[in-house]
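Engineer: Here it is, the structure, as structure tokens.
The values are calculated or read from the model by the stated rules, or taken from the named source; none is laboratory data. This one's a predicted model, so the numbers in the text were calculated from it and none came from an experiment. A quick note on method: Cβ atoms are made from the backbone with ideal geometry, for glycine too, and the neighbour counts reach across all protein chains shown. Heads up: the accessible areas ignore ligands, DNA and RNA and are worked out on the full protein's heavy atoms, side chains in. Shrake-Rupley method; radii C 1.70, N 1.55, O 1.52, S 1.80 Å.
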Amino acid sequence: MRRLSRPMKRPLLIAFLCLCGVIAFFVTMLFGYAFVIVAPGMPSLEALTDYKPKIPLRVLTADHVLIGEFGEEHRDFVPIKQIPAHMKNAVLAIEDSRFYEHGGVDFVGLLRAILNDLRGGSAQGASTITMQVARNFFLTRDKTVARKVSEIMLAYKIERALSKEQILELYMNQIYLGQRAYGFGNAAQTYFGKPLAELSIAQSAMLAGLPKAPSAYNPIVNPKRAHLRQQYILQRMRELGLITPAQFEQAAAEDIKVRSAGRLYSSHAEYAAEMVRQTLYAQYKDEVYTRGFTVITTLRSRDQDAAYAAVRRGVMDYERRHGYRGPEATIALPEDAEERQDAIDAALDKHPDSDELQAAVVTSASPKLVRAMLLSGDTIELSGDGLRFAANALSTKAAAAVRIGPGAVIRVVQDGRQRWAITQLPNVAAAFVALDPQDGAYRALVGGFDFNLSKFDHVTQAWRQPGSSIKPFIYSAALEKGFGPGSLILDAPLSLGGEAGLPVWEPKNDDNIYDGPVTIRTALAKSKNVVSIRVLRAVTPQTVRDHLAHFGFDPAKHPANLTLALGTGSVTPAQMAGAYAVFANGGYQVTPYLIQQVLDGRGAVLAQAQPIAAGQEAARVLDARNAFIMDSMLRDVTRYGTAAAASRLGRSDLAGKTGTTNDSVDGWFAGYGGDVVAVAWMGYDDPKSLGSREFGATLALPLWMSYMQTVLKGKAPMQHVQPDGLNRNTGDWTYAEFTQGGVRSLGLEEPVAPGAPGAPGTLAVPDATGIFGEPRPAPDPDAARMKEIYGGGN
């Protein structure tokens, strides 16, 4: 080989020396820039050494199930010692395998990344975990030389100030991992619904893939890309000796179940969580979202789940009874496949899923087969029974507003056998609330069908007419005036007013059936309107209004006239639950409360509920004898009265009252059993009739029964002890002081035309089966239909 001549070597040497000089110049300038310009402006590390992460407000049930989280950053701080080794190893394997070897900047990794880029390989990051901590806490993500120099210098400063374990702890709790989750502790809950300590190697590897690109590798949004990234991380862990080949094989084959995007919490208690948020915000303002408050409520997750399921089932049963209303919208479907998909996606974004009720766009439709596309992109087929509910909308004669055709946005639901069926979002509203009658603690609270569809809390905010569910309080007031459950009251048509030009009022029983003289016990069980009006007229409306205050009602919201007997005032379901608790607990008023305990970010108790419980005489608002008698009467309502369907639960301690307002605008059932009092309500937000064949027994009672069947399972019936001062000399309970001078009858002297409703000889009295031996009331003509639907009355 020819050697280079001396003249040729000289220019090369000069060029090399010039290059070295240029490099030295730029290095000198870089160091000068770093130490003269950047170093003086370096931030203090106080944010790291005194780390105070933004922890959101968390709301838990009494049994510590998370039901709500409020804050821009959802984060669970997990100390490094509590982070599983395989979680740390997964992160180090993909983010910084030489973390424990470098001093903040990994020049080996940097050189490897540069060489890989020069060879045309996939881009590799050169930022260490320490550099990422510097960037996440102090810098922007702008890709500039100045930012990179600052990042390197901060990394060295951090390494001098903190240990490796401290740095890793900061990184694993601060990093953003998608779905509003910050830190691996919260990401474990967000994606898998479990604590970090319970994750498998496979799940840990999937989370470790998120820091690089939380949206691209999000297992909820992009499951395929997330899986590929996870497999690569598992391979890296095996190559580095962080897991064994056997562990790799097991983790690589694991079928990972990821939570759906819309289901962040295992229990639906959004209305209760929002009540808590509003309460704490009123005191702490915006700090409530960052200081890490934890609120433990009185709700029980099992009770809450039962209440939510009961409301959803009851509302959908009502919807099925009243027919299909038509698609939610109809869109044009372009011919171009890509444009068509975009149109479908845009339509479904405007119609989010409501739990199991999924939105879908119809792509083809006939009376026997419908094809539709879900938001996931899956195409489903509906046929047979799945089309029955909307059969009228698939007819060629269907009106345009109802017709289901290509482009129709519909609701579908899948049953336990994976069969799809057409359904619809409800227009009707509902509410359910349950309390502990001993202290007023909320056990369950469902303010509506879907919080995301309507945030109006019908439990605490909806003022509705109570209908016949107000009658027990009228009779309770009457007990204090000498009436008893055995007092005979005339059940016959009334004609009131007409004097001095006043209009005539002729109130009627709902079923227009009159039984002549009936006991108050029977009148309550059968919900006799004219009997309650006669009793109210005798006791006076003002006396009853004053009596209502003992139960927590606002007297000002109830009329000072005889229509009060028909429930024309205003109550909320929460008020109603508190009122019936007085009967359930023996005469004590309890104040419903939701927040049991408030903890700060360090777990110190900031507030603790101290409710006044039943049994404390300061809370007594009703004579124990009154509560005992009313309890016995309300039990008869569920045995042979308008709520007789409740007897199917097979318990002797169930008590309550149905309520149906005029024109069936509101349907109620309020009652109790065992150790819980509960109220169910249904109606339209824009008040209108629920249907001429709908009553409290068909609307609200099924919700109440569904809930009670779950929460009272395995619990012994509650029996109330007879208080002193009662006797049964007249065949039914009376106050001892009214044994001789009480009201034995009312209205029997009123003239009734022979053969008219309620006239002598028109009352059918079959076998005596009442709880205290009074005659069972005459059969209701509508009873057959009630029995057919729900087994009860109205």
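Engineer: Averaging sequence separations of C-alpha pairs under 8 Å and six or more residues apart, then dividing by the length of the range 391-455, give the relative contact order as a whole percent.
Structural biologist: Taking the mean separation of contacting Cα pairs over the length of the range 391-455, I get 17 percent.
Engineer: Just check the range 284-357 against the gyration tensor rule for me: Cα atoms, a ≥ b ≥ c as the square roots of the eigenvalues, rounded for a/c under 1.5, and otherwise prolate or oblate depending on whether a/b exceeds b/c.
Structural biologist: oblate
Engineer: Can you pull the one-decimal nm distance between simple spin-label points at Lys455 and Asn561, each 7 Å off the Cα toward Cβ?
Structural biologist: So the two model labels end up 3.9 nm from each other.
Engineer: Near Lys557, which lysines are there with a Cα under 17 Å away, not counting those fewer than 8 places off in the same chain?
Structural biologist: Straight-line reach from Lys557, under 17 Å: Lys471.
Engineer: Moving to a separate point now. Could you look at the range 479-535 and say what percent of its accessible area is carbon and sulfur, using a 1.4 Å probe and all protein chains?
Structural biologist: So the carbon and sulfur contribution to the accessible surface is 54 percent.
Engineer: Where does each of Arg236, Arg728 land when they are ordered by accessible area, with a 1.4 Å probe and the largest first?
Structural biologist: Descending accessible area places them as Arg728, Arg236.
Engineer: I need to check one value: relative contact order of the range 579-670, counting alpha carbon pairs closer than 8 Å and at least 6 residues apart, in percent.
Structural biologist: Taking the mean separation of contacting Cα pairs over the length of the range 579-670, I get 22 percent.
Engineer: Under the rule a/c < 1.5 gives rounded, and otherwise a/b versus b/c splits prolate from oblate, where does the range 327-380 land using the Cα gyration tensor?
Structural biologist: oblate
Engineer: Starting from 0 in steps of 10 Å, tell me what percent of the Cα-Cα pairs of the range 60-99 lands in each bin.
Structural biologist: Result returned by the calculation: 21, 31, 32, 14, 2.
Engineer: A further question on this structure: For the range 620-744, give the percent of accessible area contributed by carbon and sulfur heavy atoms, probe 1.4 Å, rounded to a whole number.
Structural biologist: Answer for the range 620-744 is 47 percent, counting heavy atoms of protein chains only.
Engineer: Quick check for you: with a 1.4 Å probe and neighbouring chains kept, what is the accessible area per residue of the range 567-656, in Å²?
Structural biologist: 34
Engineer: Quick one: what do you get for the range 483-555 if you divide its Cα Rg by 2.2 N^0.38 Å?
Structural biologist: 1.22
Engineer: Counting only the heavy atoms of the protein chains, how much of His458 is accessible to a 1.4 Å probe, in Å² to the nearest 10?
Structural biologist: Result for His458: roughly 10 Å² accessible.
Engineer: Let me ask something additional. Computed over the Cα atoms, what is the radius of gyration of the range 572-660 divided by 2.2 N^0.38 Å, N being its residue count?
Structural biologist: Normalised by 2.2 N^0.38 Å, the Cα Rg of the range 572-660 equals 1.42.
Engineer: Please give every one of the lysines within straight-line cross-link reach of Lys54, meaning a C-alpha to C-alpha distance under 19 Å, and leave out same-chain neighbours fewer than 8 residues apart.
Structural biologist: Within the straight-line limit of under 19 Å, Lys54 reaches these lysines: Lys285.
Engineer: Hey, what's the per residue convex hull volume over the C-alpha atoms of the range 190-230, in cubic angstrom?
Structural biologist: Roughly 62 Å³ of hull volume per residue.
Engineer: Rounded to the nearest whole Å², what accessible area per residue is found for the range 438-526 with the 1.4 Å probe?
Structural biologist: 33
Engineer: Listed here are the pairs Lys257/Lys713; Lys528/Lys657; Lys52/Lys212; Lys164/Lys194; Lys455/Lys657; Lys194/Lys713; which of them are more than 22 Å apart at the Cα?
Structural biologist: Violating the 22 Å limit, Cα to Cα: Lys257/Lys713; Lys52/Lys212; Lys164/Lys194; Lys455/Lys657; Lys194/Lys713.
Engineer: Among the aspartates and glutamates, which have Cα under 19 Å from the Cα of Lys157 when same-chain residues fewer than 8 positions away are ignored?
Structural biologist: Filter leaves Glu46, Asp50, Asp96, Glu101, Asp106, Glu165, Glu169.
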